[in-house]
Structure formats: C-alpha cells, structure tokens
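A short worksheet on the structure shown next.
Bear in mind that the values in this text are calculations on the coordinates, not laboratory data. Everything numeric in this text was worked out from a predicted model, so none of it was measured. Cβ sites come from the backbone with ideal geometry, for glycine too, and all protein chains shown count toward neighbours.
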2 protein chains.
Amino acid sequence: MGTRPFDLTASPAGAAGVPGPLASLALLQVADITRIRSFWRSVERFPPGAMIHVGPKSPRKQFVIVSGWGCETRILPDGRRQIFSFLLPGDVVDLTRGSQAGRRSFLSLTRLEIVDAGVLIAAEPGDGEDVAEALRQAAARTEDRLFDHMVRIGRLTAKERVLHLLLELHDRLQAVGMVREDSFRLPLTQEVFADALGLSIVHINRTLQQLRRSARITLKGGSVTLHDRAKLSAYACYESGNHQKRSFAPSLPA
Amino acid sequence: MGTRPFDLTASPAGAAGVPGPLASLALLQVADITRIRSFWRSVERFPPGAMIHVGPKSPRKQFVIVSGWGCETRILPDGRRQIFSFLLPGDVVDLTRGSQAGRRSFLSLTRLEIVDAGVLIAAEPGDGEDVAEALRQAAARTEDRLFDHMVRIGRLTAKERVLHLLLELHDRLQAVGMVREDSFRLPLTQEVFADALGLSIVHINRTLQQLRRSARITLKGGSVTLHDRAKLSAYACYESGNHQKRSFAPSLPA
DNA sequence: CGAGACTTTGACCGTAGTCAATTTATGTGG
DNA sequence: CCACATAAATTGACTACGGTCAAAGTCTCG
C-alpha cells in the first residue's frame, strides 16, 4: 500500500502509452488485446504528432483506441492552441465531423493504434449489441468529460487544474488497467499540458514544481504518482465517477 | 447601414428574450410561432432562475426552446459556477442526462417556454423526418459550440472572450430573426457573463467599459450593438459559420 | 559528440481577482 | 408619484496569479 515512486516503463504490456491487456477491451469486455490486434487488417497506426484521419477504406467513422494517446485540438490563426480532450486506450473517437477546416482535429501524441468500431461489433459473437451499447456509453462519457474540462479551464486555479486533470487521467487509466499503485505513465510534454489547461508552459512547469515540493505528486521519468487521492480530489474539486462507472472489466490476469 | 444605437425593447415579438416570429421555428421551417403555441398542452413554462426539469408527463426528453433564454451550468462545492452554454430560441435541449447530481443542470435566465420535440415531429405533416433531421443538426451545432466556448475560456483574453461570445450570440439570434441592424437584446446580468467566460464580475464590467469607450460595441438598456463585426471577428479570432449554415429560415414577414 | 527538443529558473510585467464603497436601476407598497 | 428595499452596475485601491522574455540546464538520439 505504498506511495513509493517507481518507474512504470515495464508496465503491463510494454512501451509508453501502450495499454496493458484489454484497454479498450476492458470497456468492451473482450478478452485480450491480442484478439483485437488480430484484426490487423482494420487497425490503423499513426506516429506521434500525426493528424488522425482515415482513408476511404474505412466505411465507418467511429474508432476505438487500442494503444497510445491522442488528443482533440484546435489551433487559432495566431498560433494559440487549445486541447479539448485526451484520447486514451479504450476511448471512442468519432471522426464523423472532425477536422473540418481545423475547427477540431485529432492528433496522436504517441504512437497510436486505432481500430474500426464496426469491425469490433461485427467480430462479436451474437448481434454485437453489447459492444454497440458499450460504445455508446463510452461516447457519452467522452462528452461528459468536456464539461469537466470546461470547469477546469474556466474556474479552477493552476494548481487545481493540474491536479484535476491528473485525477481524471488516473481514473480513466485505472479503468483500463494501466495504473499500478496510484502511478501511471504520462507521455505528455509540459507544452501539451499547458495547451490543454489554458496555461503557459512556464507556469505549468512552476506549478508542477510546487506540487512536487509539497509532496502531493511524484513526477519523474514520464510517470506520475498521486499521493492521497482523496485529499487531492477534495482540494481540486474533483469528483470521480462517470469513468467506467459500470465497468465490464474483470481484473486482469498477469 | 447605421451604427445608430437604439433600443430593441419593441423588437419583433415584444418582451425581453421572447423570439420574434419563428425562432426555433426558423430552424424547423415551421411557419409561425403561434402554431407552436397552439401546442399549449405540451409547452412548459419556467420563471427566470428556475432549474429546468420536466415531469413524467413528458415521455421524451428533448425539447425545443420557443422563447426566452436559458443556460447549462455547474456549481462547484465552494460556490464557483461555470456556465457551459446558452440556450436560445430554436435550440434543442436534451434533458436525457441532465441535472444528475448537479454535474450539469439547465437553468432559465428569463421567462422560458419549451416544447417537447416529439410533439413537433408528430405535428408535422408527413413522417416528420424533416423536423427530426433539423433537430439532429441543431443538436450537433450545439455540441460544436462547446468547443468554441472552450477556446474562449482557455485561450482568449478577456476582451476577446466578451467579443467572441457576443459575436456568437449575434449569429445565433440572427438566424432566428432576433437581430436588427447588428443589435439585439441581451437579457444577461454581468454576473452571468462572468460565470460563462471564466472571469470575475468586476473584470467583466471593466472589459465592457473598455469596449464601449473604444466604440467597438454599444451596450445600453439590455441591448447590444456590434460595430463592424468583420473587424471584431478578426480581433477576437471568431469564425462565424456553423450557426444555421444551412438555414431553412426564410426572411420573416413584418 | 552535437543538434534539437524539453525542462527549469530568474527577472519583470500585466491581466485579472479581491475587497469595499458608491451609484444606478428596478420594483414594491403606500 | 414618492419612499424605501433590493438587485445590478461602477469605481477605486491594492494584490496576486499567471504571462513573457531570455538564458541555462537536461535529456535523446542519430
């Protein structure tokens, strides 16, 4: 039951941002990530920093993230950037109305693998209604998170924003088995953090320093540990829940 | 082609926040507001400042605003408040997942009338698919606006935020015929403005003063006039569009 | 080992927040 | 139509959170 900081590089399934067993699959109650990967025909891969779009070979426009991190963003004419949301393994990405005139585009933040949601449904035994329903709920949660993010950038202080976001990421990653002992990999640069939270990169840096010095978080080598999440949640007005409330995910086998 | 400020109190259909002919109806291509009002059985009314919820007598959970202004909001445990969006005549309000534990609730800002969307569909000659499609598009635009709002509070300065919001409101109100000569009624207190834009009420006041003194806007008696919207749009990084892009609304008869 | 990306730090500035008092509507009852 | 109560808008004085600029330090990776 430690708060011992450690490196998660060798976490569940390996490299940074790559989910452990399951991931989206936890959400979808599918048994193993290898099973998803067996759909290699329909898995699309992107390098870090790529704009996510799919060719006409994909009839559908809904995708599930198999591994890696992404984000939804807009860049203003003068270069300012706002990140709307982070896309984690298991999240549903709806490219239907995306990337129109740059008002909203999807970017990969790490190496990223996505799979056509329709393929998942079709591959499911039965009518796939369970999977379809899970997808709908995942999409609904994604939308709910927009409101939390709005509260963050609209009404919280810098310290609160950072903690609030870290707490959300914790909960979401935990739901897909990517958290160990309150620690998880955080493959984000401080610039990305700044653009998500509506702060300058310098101020993000200073805020992180303060949180570190006050021993509220440990952040090192791309991994974070949140010490005393209950207290941090109260401090940052974070309400957990609405992430995997009704998780289908069984605890994962080693 | 005037910038002459004037009072819109006697605008289209009368009192503050009440739409002129059409309103949502413009969106829905229905002929006249009186027609909607004839559904008085299914029209629900709220006084200013009320939480919007509907009794079990309404089977559906989607409503269209007939007249008045509302907003979607969250109040933090310590009293801070964030307004997520404004609800104008013609907008679709989806109460499906609303007001759960106060994470997201709908409030009326003026006297408000809403009508069950299902009733509108049923009342339409034919299969009502046109109306249903219009409702879907309205809902999609509503979601798009969340992103604009996020950019506002995350990346714009106070002056930009105010102008950006005013420009959006202009476009939305214009689409339902509630704008005359770049002027429209704005039934919001500065406190509401502040809570929407993530600023303090005092700073909103000072920002408005500056905008007035620099002759960029006229704001008096609850009505605003935007002078040179093109220039203001450029200044505030506002991109019009996505409001009534494909408007069904014919210009309204006097 | 060097180039480039990322992080960190210092110095200084400015936007926006807080506190508090005053003025200006708005509204209500007499 | 006036007196009073209340909400809303203003203004001033002061504070502080967060931004900008610039330089130095670290880390990666070919």
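Overview of values
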read-out	value
Selection from B:Leu173, B:Pro77, B:Leu226 lying farthest towards where the dipole of region B:24-235 points positive, charges on Cβ	B:Pro77
Shielding by partners - mean other protein chain Cβ count within 10 Å, residues of A:142-154	6
Gyration tensor verdict on region B:109-254 (Cα atoms; rounded if a/c is under 1.5, prolate if a/b is larger than b/c, oblate otherwise)	prolate
From phi via Karplus (6.51, -1.76, 1.60), per-residue ³J(HN,Hα) for region B:199-212 in Hz, x at Gly/Pro	10, 7, 4, 5, 6, 4, 4, 5, 5, 4, 4, 4, 5, 5
Label point 7 Å beyond Cα along the C-beta direction, distances from B:Leu76 to other copies (nm, shortest first)	2.2
Net charge contributed by nearby residues that have their C-beta within less than 9 Å of B:Thr142 (K/R +1, D/E -1)	-2
Placed amide H near A:Ser223: partners under 5 Å, 5+ positions off or other chain	A:Leu186
Förster radius 35 Å - calculated FRET efficiency between B:Ala132 and A:Ala123, Cβ distance, rounded to 0.05	0.65
Rounded to the nearest 20 debye, dipole of region B:24-235 from Cβ charges on Lys, Arg, Asp, Glu	900 debye
Cβ-vector label at 7 Å, B:Lys231, separations to other copies in nm	5.5
Counted charge near B:Val162, where neighbours are those whose Cβ lies closer than 12 Å (Asp, Glu -1; Lys, Arg +1)	+4
From phi via Karplus (6.51, -1.76, 1.60), per-residue ³J(HN,Hα) for region A:86-94 in Hz, x at Gly/Pro	9, 10, 10, x, x, 6, 9, 10, 9
Residues with amide H under 5 Å from that of B:Arg81, placed H, sequence gap 5 or more	B:Leu76
Burial order of peptide ranges A:187-199, A:105-117, A:224-236 (average beta-carbon count within 10 Å, highest first)	A:105-117, A:187-199, A:224-236
Cβ-vector label at 7 Å, B:Gly102, separations to other copies in nm	4.1
Convex hull (Cα only) mean projected area of region A:24-235, reported in nm² to one decimal	12.2 nm²
